[in-house]
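Q: I'd like to ask some things about the structure below.
The values are calculated or read from the model by the stated rules, or taken from the named source; none is laboratory data. Since the model is a prediction, treat every value here as computed from it, not as a measurement. For neighbour counting, all protein chains shown are included, and Cβ atoms are generated from backbone atoms with ideal geometry for every residue, glycine included.
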Amino acid sequence: MRLIDYFRRGLRSSPSRPAFVAADGSNAYTYAQVDRIAEGIAAGLHAVEQTRAAVAVYSPNDPQAFCAMIGIFRAGARWVPINMRNPVQINATFLRTTGCSTLFFHPSLREQVQELKRTVATLEHLICLGAECGVEGATALSGFVARASEPAPEPPDDADRVETVFPTGGTTGLSKAALWTQRTWDSSIKAFWTCLPTDRPAVHLVAAPMTHGAGVVALMMIAEGATNVVLPAASAEGILDAIERHRVTHFYIPPTVLYNMLAHPRVRQIDCSSLRAIVLAAAPVAPAKFAEAMEVFGPVMCQSFGQAEAPMFLTFLSTRDLVDAPPDTDRWSSCGRATLGQRVEIMGDDGEILAPGERGEIVARGDLVFAGYHQNLEATKEVSRHGWHHTGDVGYKDESGFVYIVDRKKDMIVTGGFNVFSAEVEHVIASHPSVEDCAVIGVPDEKWGEAVKAVIQLKQGAEAAGEAIIELVKGRLGSVHAPKTVDFVESLPRSPNGKVLKREIRDAFWSGVTRRVG
């Protein structure tokens, strides 16, 4: 099915139900209203011959921006997510990479749009999601829609048709453009509802940026007529307030946001009885924090593994998987098992599939795997070696098929000839009651080549000694894994979607050093 077909399924089931609404209750659109807006946007794109084009939405989290996204899918164009928290030059590069020709933008981003217009030669049409444009050559949405004289034709129903050109992240450099086909979306939506069926009308909180996992989950949820409550930013205070006010049932957040919530003084005081699922993804979650969240929010915690090249839900760890786990397993460290229709294995450097317990690269096959990188055949071949998609993550599987991520390949530390997986050390450090978040990196060392360093963000008002952190890790993992040094910082650098920027932390220590490791 096309993504617009899933929206129409939600429309038929609940035409008068709010589809998108701001967290303060304003700017609400029912499914029927979204349908009318989307039809108008699709007709406008048809009128300017953009129904097969790459079309971007540039906006903070906003209900009207979601309406524009539905209009893009209705037209049959390719949605290009542009994160407003990125530097303008990064967004300009991605727009050029994708050959984007049409940009819908929020009026608060006028200055940035002026810069994009100046530096992105492919941009032909600028449409403001407001009454006043303030950008030369731009058109207000109402005027853009009014120009159309006929409805847009139905988009082709072709499983191989590209519906989205998704940025790969950019935490280690400029993003590549991952192609999501109609098949990718179809498989992801089916996987979501197979993993997370609900016995009541769903209320989904869009807390993280709508250009990443939170927006993807919102599009998955429209198939069942869910209401999407849109927060402007993923603050712990805002999330906790929205849960109570809107009786939220579902939301996705990266682990860093969960850690902020657990550190909030009011987290144990709110009424969270409406919750059915808090989905963690984007990075491995510290087992101690995961277990604490289950105690605080109830039996609603779950985790998924995916990436731009193979999105959620490639694997899934359900609440039941955690509740029913044998006491002698480390299930809290798992990201779950492969979902229906997907294969997830562990591969050695020689291309052989490894046995349970052996560590190697996590690889995948199935309809969730992307169609390749836009106009980048070399990079596509590189991640598709031996007929499998290579995730770049190191992990292992247990005898029951549960997958455990131990690190990104690029984040592995080689110290004195031993491999140290930074994620394992981070999980131990995160169990310290004073720690809110941390990053473990390798820094240059004359004796060891690389030495393990921990960079830690403490909870507000908390204290901890570096020696205590070192002893904690030494006691759990041994001396090789224990940090040689510990730095405490006010806050860790993060990407626009909340991931800790390890490369930025690491580069500060390697500047001017001839690297002896990759």
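Q: Among the residues of region 341-350, are any assigned to a loop (DSSP other than H, G, I, E, B) and in contact with a Phe, Trp or Tyr (Cβ under 9 Å, 6 or more places away or on another chain)?
A: There is no residue in region 341-350 that is assigned to a loop (DSSP other than H, G, I, E, B) and in contact with a Phe, Trp or Tyr (Cβ under 9 Å, 6 or more places away or on another chain).
Q: Still on this structure, please answer the following. Looking only at region 63-79, decide whether some residue is more than 24 Å from the chain's Cα centre (by Cα), at negative phi and surrounded by fewer than 24 Cβ atoms within 10 Å (Cβ to Cβ).
A: So far as region 63-79 goes, no, none of its residues is more than 24 Å from the chain's Cα centre (by Cα), at negative phi and surrounded by fewer than 24 Cβ atoms within 10 Å (Cβ to Cβ).
Q: Tell me which of these I270 doesn't satisfy, since it passes every other one: (1) more than 29 Å from A68 (Cβ to Cβ); (2) among the β-branched types (V, I, T); (3) outside any loop (DSSP other than H, G, I, E, B).
A: (3)
Q: Determine, yes or no, whether G351 is under 24 Å from M412 (Cα atoms), without any contact (Cβ under 8 Å) to a residue 40 or more places away in the chain and surrounded by fewer than 15 Cβ atoms within 10 Å (Cβ to Cβ).
A: It is true that G351 is under 24 Å from M412 (Cα atoms), without any contact (Cβ under 8 Å) to a residue 40 or more places away in the chain and surrounded by fewer than 15 Cβ atoms within 10 Å (Cβ to Cβ).
Rundown of residues vs (1) more than 30 Å from M261 (Cα to Cα); (2) small (G, A, S); (3) touching a strand residue (DSSP E or B) at 6+ places or on another chain (Cβ under 9 Å); (4) at pLDDT below 95, yes/no style:
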| residue | (1), (2), (3), (4) |
| --- | --- |
| A291 | no, yes, yes, yes |
| M294 | no, no, yes, no |
| V300 | no, no, yes, no |
| F313 | no, no, yes, yes |
| G357 | yes, yes, yes, no |
| A364 | yes, yes, yes, no |
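Q: Next up: For L354, which of the numbered conditions (1) out of contact with any Lys or Arg (no Cβ under 9 Å at 6 or more places or on another chain); (2) more than 17 Å from A277 (Cβ to Cβ) fails to hold?
A: The failed condition is (1).
Q: Here's something else I'd like to know. Going by what's in this entry, would K447 be described as among the basic types (K, R) and part of a loop (DSSP other than H, G, I, E, B)?
A: So K447 fits the description; yes.
Q: If V229 satisfies all but one of (1) surrounded by 20 or more Cβ atoms within 10 Å (Cβ to Cβ); (2) closer than 25 Å to T102 by Cβ, what's the number of the condition it fails?
A: Failing condition for V229: (2).
Q: May I pose another question? With (1) outside the structural domain of L95 (by TED's automatic domain parsing); (2) under 21 Å from T181 (Cα atoms); (3) basic (K, R) as the list, and R12 as the residue in question, which single condition is left unmet?
A: (2)
Q: Here's a follow-up. For residues in region 445-485 being of a type in the set (S, T, N, Q) and surrounded by fewer than 16 Cβ atoms within 10 Å (Cβ to Cβ), which is farthest from the chain's Cα centre (by Cα)?
A: Here the residue is S479.
Q: Related question: Quick one: count up the residues across region 303-327 that are more than 23 Å from G372 (Cα to Cα) and not in a strand (DSSP E or B).
A: Looking only at that region, the number is 10.
Q: Go through V394, V406, V363 for me and flag whichever is hydrophobic (A, V, I, L, M, F, W, C), outside any loop (DSSP other than H, G, I, E, B), touching a Phe, Trp or Tyr at 6+ places or on another chain (Cβ under 8 Å) and closer than 30 Å to H264 by Cα.
A: Exactly one of V394, V406, V363 is hydrophobic (A, V, I, L, M, F, W, C), outside any loop (DSSP other than H, G, I, E, B), touching a Phe, Trp or Tyr at 6+ places or on another chain (Cβ under 8 Å) and closer than 30 Å to H264 by Cα, namely V406.
Q: Out of region 383-398, which residues are under 15 Å from A308 (Cβ atoms) and surrounded by fewer than 20 Cβ atoms within 10 Å (Cβ to Cβ)?
A: S384, H390, G392
Q: Considering only residues that are crowded, with 22+ Cβ neighbours inside 10 Å and of a type in the set (G, A, S), which ones fall in region 399-422?
A: S422
Q: Same structure again: In the list P265, P284, which residue meets the criterion of being buried (at least 17 other Cβ atoms within 10 Å of the Cβ), in a loop (DSSP other than H, G, I, E, B) and not hydrophobic (A, V, I, L, M, F, W, C)?
A: P284
Q: Mind checking which residues of region 202-225 are more than 15 Å from I4 (Cα to Cα), assigned to a loop (DSSP other than H, G, I, E, B) and of a type outside the set (S, T, Y)?
A: A202, A207, A208, P209, M210, H212
Q: Give the residues of region 26-62 that are outside any helix (DSSP H, G or I), more than 25 Å from the chain's Cα centre (by Cα) and without any contact (Cβ under 8 Å) to a residue 40 or more places away in the chain, sorted by residue number.
A: Selection gives S26, T30, E49, R52.
Q: While we're here: Keeping to region 278-327, report how many residues are under 21 Å from A191 (Cα atoms) and either free of Cβ contacts under 8 Å to residues at least 12 places away in the same chain or of a type in the set (G, A, S) (or both).
A: 9
Q: Going through I505, I413 one at a time, which residue ends up being at pLDDT 90 or above and out of contact with any Leu (no Cβ under 6 Å at 6 or more places or on another chain)?
A: Answer to the check: I505.
Q: Among what's in region 324-340 and is closer than 14 Å to P287 by Cα and of a type outside the set (K, R), pick the residue that is surrounded by the most Cβ atoms within 10 Å (Cβ to Cβ).
A: Here the residue is S334.
Q: Something else: Kindly establish whether T98 is among the hydroxyl-bearing types (S, T, Y) and over 16 Å from M69 (Cβ atoms).
A: No.
Q: Could you please tell me which pairs satisfy a Cβ distance under 6 Å, a separation of 6+ or placement on different chains, a first residue in region 176-197 that is surrounded by 24 or more Cβ atoms within 10 Å (Cβ to Cβ), and a second residue that is of a type in the set (K, R) and at pLDDT below 95?
A: none
Q: If you don't mind, there's one more thing I want to ask. Pull up region 414-444, narrow it to residues that are within 24 Å of the chain's Cα centre (by Cα) and assigned to a strand (DSSP E or B), then point me to the one that is nearest to S511 (Cα to Cα).
A: Step by step, filter region 414-444, then rank; the result is I441.
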